[in-house]
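Below is one structure, written out as structure tokens; the observations come after it.
The values are calculated or read from the model by the stated rules, or taken from the named source; none is laboratory data. The structure displayed is predicted, hence computed values, not measured ones. Cβ sites come from the backbone with ideal geometry, for glycine too, and all protein chains shown count toward neighbours.
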Amino acid sequence: MQTIKERFLQKIQYPHNSKGCWEWCGCRFSTGYGRMARTKKTPTTAHRIAFELFVGRIPKGMCVCHRCDHPWCVRPDHLFLGTPADNMLDRNQKGRQARGERCGKARLRAHDVIEIRRAWNAKENNQKQLSRKFGVYPQTVWFIVHNKTWRHVV
């Protein structure tokens, strides 16, 4: 019977250079994170197992974050501990948060936002007309034209 470490090491593709990511080649979650089970009933992310095997215990409530931003990477020196807030801050500082079209529930596209701002500035349509035209709430139009949302679109 193999140990968890032996099973883990069999599922890694090592990089050609000394600083590259260790790619998890086993099963993955739909998010791209490696998936491995300690036992048949407890699947977890492979990078958490990597941290536990090579670095140490993960305190309750802590996240294992990636310096490299590759969800499939399990290289121990690419991983670090952080609170959920640290993890979100890291994500935001690296520009990986979903915004605009990348948001799953977005009804608008960048070209719609540009058109809303153009029509508003040209005084062609009011807030209510624009909201009907683009199928969004009037408040959404207000947030767009006052640069509260979609600020990344110019």
- Failed criterion for VAL136 (all others in (1) under 21 Å from GLN97 (Cα atoms); (2) part of a loop (DSSP other than H, G, I, E, B); (3) among the β-branched types (Val, Ile, Thr) hold): (1)
- All-but-one check, ILE58 against (1) outside the structural domain of GLY20 (by TED's automatic domain parsing); (2) in a loop (DSSP other than H, G, I, E, B), failing number (1)
- Query: Would the range 115-125 turn up any residue that is part of a helix (DSSP H, G or I), of a type in the set (S, T, N, Q) and closer than 30 Å to GLY32 by Cα?
  - Reply: no
- Item | Qualifying residues in the range 82-108 (those that are surrounded by fewer than 13 Cβ atoms within 10 Å (Cβ to Cβ) and in contact with a helix residue (DSSP H, G or I) (Cβ under 9 Å, 6 or more places away or on another chain)) - the one nearest to PHE51 (Cα to Cα) | ARG96
- Task: Give the range 120-154 a look and list any residue that's of a type in the set (Gly, Ala, Ser) and in contact with a helix residue (DSSP H, G or I) (Cβ under 6 Å, 6 or more places away or on another chain), or say none.
- Result: SER131
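Take the residues of the range 36-64 that are among the polar types (S, T, N, Q) and touching a strand residue (DSSP E or B) at 6+ places or on another chain (Cβ under 7 Å): which is surrounded by the fewest Cβ atoms within 10 Å (Cβ to Cβ)?
First pass over the range 36-64, keeping only residues among the polar types (S, T, N, Q): 39, 42, 44-45.
When the remaining residues are screened for being touching a strand residue (DSSP E or B) at 6+ places or on another chain (Cβ under 7 Å), the result is 44-45.
Values: THR44: 15, THR45: 19.
The residue in question is THR44.
Quick one: is PRO84 in contact (Cβ under 8 Å) with a residue 24 or more places away in the chain, of a type outside the set (A, V, I, L, M) and outside the structural domain of GLY104 (by TED's automatic domain parsing)?
Against the criterion (in contact (Cβ under 8 Å) with a residue 24 or more places away in the chain, of a type outside the set (A, V, I, L, M) and outside the structural domain of GLY104 (by TED's automatic domain parsing)), PRO84 does not qualify.
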- Of PHE51, PHE134, PHE143, which residue is modelled with pLDDT of 95 or more and under 22 Å from GLN13 (Cβ atoms)? PHE51
